[in-house]
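Asks: The following block contains the structure, expressed as structure tokens.
Please treat every number below as a calculation from the coordinates, not as lab data. All values reported here derive from a predicted model rather than from experimental measurement. Cβ coordinates were reconstructed from backbone atoms using ideal geometry, including for glycine residues, and neighbour counts include every protein chain displayed.
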Amino acid sequence: MQIEKEMDVVVSEAEWEVMRVVWANREVTSRDVINVLHRKMDWKESTIKTLMGRLVDKGALNTKRKGRAFVYSAIISEENTVKHYSSALLERVCDQKNGLVVQHLVKDAILSQSDIETLIAQLEEKMKDAPETVPCNCVPGQCDCHLIADVDELDW
Ligand SMILES: [Zn+2]
């Protein structure tokens, strides 16, 4: 249930910067976040406070009073959010192009020896029941497997 709820939370690029501070430090005040992001992003205090308020409204952050300050903690985990966005990236293209997306990621990623060993093991596991070719899963007209010209001829 918790995971399903996390999936509904869409985090913008700017909000992601805030989430990283919260994920890293577990409990932070808005002052902590301002200290980190003022330097990195050159954002105004008011911008950062607005972002944090939005994250609370979305259900990404929890807030509670502790003495005179408000303390923020994450409701959504970094691991699940990263998983969600990685899957969302693959869903934006035809299943047939998933391989290309992964190839781009592997090419650009900074990987350790052990990361590479894990990847090789995952690929060897996948190889066992990988199809010869991946079938297209697209809506006709959104993929070059079924061009717009073909749409009228299809039986809806
Ligand atoms: Zn397709």
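Asks: Based on other C-beta atoms within 10 Å, arrange THR81, THR50 from fewest to most.
Replies: Exposure proxy ranking, most exposed first: THR50, THR81.
Asks: Relative contact order for segment 3-156 using alpha-carbon pairs under 8 Å, separation at least 6, rounded to a whole percent? Please report the intermediate quantities before stating the final value.
Replies: Working: 114 pairs, mean separation 28.5, N = 154.
So the answer I get is 18 percent.
Asks: Taking only DSSP H segments of four or more residues, each worth -39500 (n - 2.57), what value at 222 nm results for the chain once the sum is divided by all its residues, to the nearest 500 deg cm²/dmol?
Replies: -17500 deg cm²/dmol
Asks: Related question: Once both axes come from the Cα atoms, what is the angle between helix 30-41 and the longest principal axis of the chain, in degrees from 0 to 90, rounded to 10?
Replies: 60 degrees
Asks: For segment 4-81, compute Rg over Rh where Rg is the Cα radius of gyration and Rh is the Kirkwood radius from the inverse mean 1/r over Cα pairs.
Replies: Value, to two decimals: 0.94.
Asks: What share of Cα pairs, in percent, lie more than 25 angstrom apart in the chain?
Replies: That tail contains 52 percent of the Cα-Cα pairs.
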